[in-house]
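Structure, as structure tokens:
All of the numbers you see were taken from the coordinates with simple rules; none came from a lab. Remember, predicted model here, so these are calculated numbers, not experimental data. Positions of Cβ are backbone-derived with ideal geometry, glycine not excepted, and every protein chain shown enters the neighbour counts.
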Amino acid sequence: MSVQDYLALQGQTFTSDWFEMTQDRVNQFADLTIDHNFIHVDIERAKAETPFGGTIAHGYFTLSMLSHLGETCLPPMPPNAIPMNYGFDKVRFSSPVPVGKRIRAHFKYASVEERKPGQWLSHWDVTVEVEGQDQPAIRAHWLTLFILAG
């Protein structure tokens, strides 16, 4: 795909594959981030003491899955392009992701701007859907930079 082909994708929406939020994955994330809040790792206590009916995934875990979810659906970068995560203009955790549910992301290629020769900043409006829920888990405006090497 050429740079011009990639830039021409503005306005299109891409939908990822489904990803299951298992308790094992949530526990691993808790261990990596040292965030062992009971709402994520203690099934019985979360059932008894929260309105969620069980454990929920960390919001940051769900957010971190955007890279993987994007890999399942976003178009390939132009040759010699180096993609870089540039950050977020906005992130909202709209609803929890119950452990055992599946999520998928919808990526709308909102706009792109050339920052300097060989560098483009892409703006993505992202919604993370939870299977069987009306309210999305995340709404975000994600920025990615791609730089042409050589």
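Within the shell of other residues whose beta carbon sits under 12 angstrom from the beta carbon of A140, the net charge comes to +2, with Lys and Arg scored +1 and Asp and Glu -1. Computed extension length for C73-K116: 12.8 nm, one decimal, from 0.36 nm per residue of separation with the Cα-Cα distance subtracted. For the range 36-150, taking the reciprocal of the average inverse distance between every pair of different Cα atoms yields a Kirkwood hydrodynamic radius of 15.7 Å.
By other beta-carbon atoms within 10 Å, ranking K108, K116, K101 with the fewest at the front produces K116, K108, K101.
For the range 6-25 versus the range 105-150, the inter-centroid distance based on Cα atoms is 10 Å. Here each label is just a point 7 Å from Cα along the line to Cβ, and for L143 and T50 those points are 3.2 nm apart.
Which order, highest average first, do 48-55, 140-147 follow once you tally other Cβ atoms within 10 Å for each residue and take the mean per peptide? If you can, show how the numbers build up before the last one.
Working: 48-55: 13.2, 140-147: 18.2.
By packing density, highest mean first, the sequence is 140-147, 48-55.
Using Cα atoms only, what is the angle between the long axis of helix 23-33 and the major principal axis of the chain, expressed in degrees (0 to 90) to the nearest 10? Here the helix axis deviates by roughly 70 degrees.
Note on W120, W18: ascending count of other Cβ atoms within 10 Å places them as W18, W120, the fewest first.
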